[in-house]
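Heads up: the structure comes next, in structure tokens.
The values are calculated or read from the model by the stated rules, or taken from the named source; none is laboratory data. Worth saying up front: this structure is predicted, and the values here are computed from it rather than measured. Every residue, glycine as well, gets a Cβ built from its backbone with ideal geometry; the counts of neighbours run over all protein chains shown. Accessible surface areas use protein heavy atoms only, side chains included; no ligands, DNA or RNA. Shrake-Rupley method; radii C 1.70, N 1.55, O 1.52, S 1.80 Å.
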Amino acid sequence: MEMGADDYITKPFSIKELTNAINVRLEKYYNIQIGYAVDNIEKNLQSKLKGLREQINIQKNYIAEISETNAKLTETLKEKETELFEEVVKAVETSNTLHIFRTQIENELKTRSVSDSQKDLMKELLHKIDRIGSRKDNWRIFQLKFNQVYPEFIGRITRQYPKLTQLELTIISTIVFNLNSNQIASMLNISPESVRKSRYRLKKKLKLDSGESLVKFVHSFQVGR
């Protein structure tokens, strides 16, 4: 034990006693690794969310200091479009990372011979991932930054179509950046099928004919120009 052994058993012992002792040590080690993984994921996500909030505050201060001249406003708009697109990419990457980690755990539950306590631990980890994935921070941050870049766009839409929901307004905002259904689904933490259905209902609410393009319609509002 002083030389670093995790455990010992005294002779004589049976095969069952030996395998039980080994399984106990393996289970403790596995639980420790799962705990480390959970902690790292939570720290990572908290760090990213904190960084996004800090970027929002920085952009608010930056906007307040910008000159009102048209030349500077145009330059700032281009910068903000780039930043907003980067935020969308980060949100999609975070969602994809959670999805990959969830799939790995689900595969572990299906393919590995694990004890009941290990299964319970992995299921709890899945619940934590679901709770993190169900947060609305991604689309709230996106919508906030979108409104900063295009402060009049949502107002123009809602004046003409006052019955649009918050989800529909967010989807309209994502269309400005030509995001596909999978990218929108990752950012909003919903399924691609839900996005397609929402876009179909949105098209009907906007009273567009079946042959009319929703993308062209949105861009016809001359966003922020």
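Determine the share of the range 154-209's accessible area contributed by carbon and sulfur atoms, expressed in whole percent, with a 1.4 angstrom probe. Show your work: numbers first, answer last.
Numbers: 1490 of 2970 Å².
Reported share for carbon and sulfur atoms: 50 percent.
How many percent of Cα pairs in the range 184-225 exceed 11 Å? Please report the intermediate quantities before stating the final value.
On the way: 598 of 861 pairs.
Tail of the P(r) past 11 Å holds 69 percent of the pairs.
Give the accessible surface of the range 173-216 per residue, rounded to a whole number of Å², with probe radius 1.4 Å and ligands, DNA and RNA excluded. List each step's numbers first, then the result.
Working: 2460 Å² over 44 residues.
Spelled out: the 1.4 Å probe surface of the range 173-216, per residue, equals 56 Å².
Evaluate the distance, in nm, between pseudo-label points positioned 7 Å from the Cα of H127 and of V24 along their respective Cα→Cβ axes.
It is 2.8 nm.
Taking a 1.4 Å probe, which of Y30, Y36, Y150 shows the most accessible area, and what order do the others take after it? Present the calculation step by step, with values, prior to reporting the outcome.
Values: Y30 40, Y36 130, Y150 10 Å².
Result, largest first: Y36, Y30, Y150.
Just subtract the alpha-carbon distance of Y8 and L208 from 0.36 nm times their residue separation and send over the number in nm, one decimal.
Roughly 64.5 nm would be gained on extension.
Suppose accessible area is computed on protein heavy atoms with a 1.4 Å probe; arrange D39, D6 from highest to lowest.
Working: D39 70, D6 105 Å².
Accessible-area ranking of D39, D6, largest first: D6, D39.
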